[in-house]
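Below is one structure, written out as structure tokens; comments come after it.
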Amino acid sequence: MLRSIRYGEADRVLHLYSEQRGRLGAIAKGVRRVRSRFGGRLEPLLRVSLVLHEGRGDLCTVTAVETVHAHAALRERRDSLERASAAAEAMLRLFDSGEPNRPAYNLLCRQLGLLDEQPAAATRAQALAFRLKLTLAAGFLPELAACAACGDREGLEAFSPSAGGVVCPGCEAGGFPLERDAYEFMTAALARPLGAWPTAPERALAQVDRALGETLEHHAHVRLRRVA
């Protein structure tokens, strides 16, 4: 579950992402009542199995729920909870259709599980590694192997969001510097499993954050909160 919004006196509107059906909207009636049969099982960041009734409207109605993974441990740590919430928000913004994207779904499940199991995962470097992989799953990964403008493979020391990736000296107008540490972080994060994220100096991580943020703004028309 990505987001939950209060509706009426006792209901909630849920923003969901499912393996089989992509983004879904649902309403949980009476969930905010003390004696609700759903209890506390319809909260953001929980992985649940739902039975939904589809009526004529845009929202399905939740008729039954079973918890698959509560991610209880990450809720007890502020930094882990903030990273998990940011991951869910990115998923919410990047994937807004009913077309399923299983790589993205599996990636979010893995990220929440990692943050639940490993307190050390709640770092800026790990969050950026997740966002890189999510950008790949969304189809907006920047070009990193060659100049995004001319195809040259030498002197790739700048990044151009409008061109869609790294650029050579001859094409860097409108771009910004991308240091070697930042470039190597990006390529290593994509090559490694999510739980084996690389590290880099803060200056390099800031460049990676900028590169991803401006790429998504330019090509996906989505603005995500920067990774602090």
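The values are calculated or read from the model by the stated rules, or taken from the named source; none is laboratory data. Keep in mind that this is a model prediction, so the values were computed, not measured. As a convention, Cβ positions derive from the backbone with ideal geometry for all residues, glycine included, and neighbour counts pool all protein chains shown.
Report, ordered by the first and then the second residue, all pairs with beta carbons closer than 6 Å, sequence separation of six or more or different chains, a first member in the range 39-57 that is loosely packed, with under 14 Cβ neighbours inside 10 Å, and a second member that is among the hydroxyl-bearing types (Ser, Thr, Tyr).
Cβ pairs passing all conditions: VAL51/THR63; HIS53/THR61; HIS53/THR63.
What is the one condition in (1) in a loop (DSSP other than H, G, I, E, B); (2) modelled with pLDDT of 95 or more; (3) among the small types (Gly, Ala, Ser) that GLY174 does not satisfy?
The single condition GLY174 does not satisfy is (2).
Results for (1) of a type in the set (A, V, I, L, M); (2) in contact with a helix residue (DSSP H, G or I) (Cβ under 6 Å, 6 or more places away or on another chain); (3) under 30 Å from ALA228 (Cα atoms), shown as yes or no for each residue.
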position	(1), (2), (3)
THR61	no, no, no
ALA70	yes, no, yes
ARG102	no, no, yes
GLU117	no, no, yes
ALA121	yes, yes, yes
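In this structure, is ALA26 over 19 Å from ALA84 (Cα atoms), out of contact with any helix residue (DSSP H, G or I) (no Cβ under 7 Å at 6 or more places or on another chain) and buried (at least 19 other Cβ atoms within 10 Å of the Cβ)?
Working: over 19 Å from ALA84 (Cα atoms): yes; out of contact with any helix residue (DSSP H, G or I) (no Cβ under 7 Å at 6 or more places or on another chain): yes; buried (at least 19 other Cβ atoms within 10 Å of the Cβ): yes.
When the stated conditions are applied, ALA26 passes them.
For the range 92-110, indicate whether the set of residues that are touching a residue at least 60 places away in the same chain (Cβ under 8 Å), under 29 Å from GLU9 (Cα atoms), in a helix (DSSP H, G or I) and not basic (Lys, Arg) is non-empty.
yes
Return the residues of the range 12-23 that are surrounded by fewer than 19 Cβ atoms within 10 Å (Cβ to Cβ) and in contact with a strand residue (DSSP E or B) (Cβ under 9 Å, 6 or more places away or on another chain); say none if nothing qualifies.
So in the range 12-23, the residues surrounded by fewer than 19 Cβ atoms within 10 Å (Cβ to Cβ) come out as 13, 15, 18-23.
Within the range 12-23, VAL13, HIS15, SER18, ARG23 qualify.
Quick check, is GLY25 under 22 Å from VAL222 (Cα atoms) and free of Cβ contacts under 8 Å to residues at least 40 places away in the same chain?
Details: under 22 Å from VAL222 (Cα atoms): yes; free of Cβ contacts under 8 Å to residues at least 40 places away in the same chain: yes.
Yes, satisfied.
I'd like the residue in the range 187-212 that is assigned to a helix (DSSP H, G or I) and free of Cβ contacts under 8 Å to residues at least 12 places away in the same chain and, out of all such residues, is surrounded by the fewest Cβ atoms within 10 Å (Cβ to Cβ). If you could, list the steps in order and put the result at the bottom.
Going residue by residue through the range 187-212, those that are assigned to a helix (DSSP H, G or I) are 187-191, 194-196, 202-212.
Filter once more, keeping what is free of Cβ contacts under 8 Å to residues at least 12 places away in the same chain: 188, 191, 196, 206.
Details: ALA188: 16, ALA191: 9, ALA196: 11, ALA206: 17.
Filtering the range 187-212 for residues that are assigned to a helix (DSSP H, G or I) and free of Cβ contacts under 8 Å to residues at least 12 places away in the same chain, the one surrounded by the fewest Cβ atoms within 10 Å (Cβ to Cβ) comes out as ALA191.
State whether the residues of the range 10-17 include one that is touching a helix residue (DSSP H, G or I) at 6+ places or on another chain (Cβ under 7 Å) and at pLDDT 95 or above. Lay out the reasoning, then the answer.
First pass over the range 10-17, keeping only residues touching a helix residue (DSSP H, G or I) at 6+ places or on another chain (Cβ under 7 Å): 15, 17.
Those left that are additionally at pLDDT 95 or above: 15, 17.
Yes, the range 10-17 contains a residue that is touching a helix residue (DSSP H, G or I) at 6+ places or on another chain (Cβ under 7 Å) and at pLDDT 95 or above.
Please determine whether any residue of the range 188-205 is within 22 Å of ALA138 (Cβ to Cβ) and among the aromatic types (Phe, Trp, Tyr).
Scanning the range 188-205, I find at least one residue that is within 22 Å of ALA138 (Cβ to Cβ) and among the aromatic types (Phe, Trp, Tyr), so the answer is yes.
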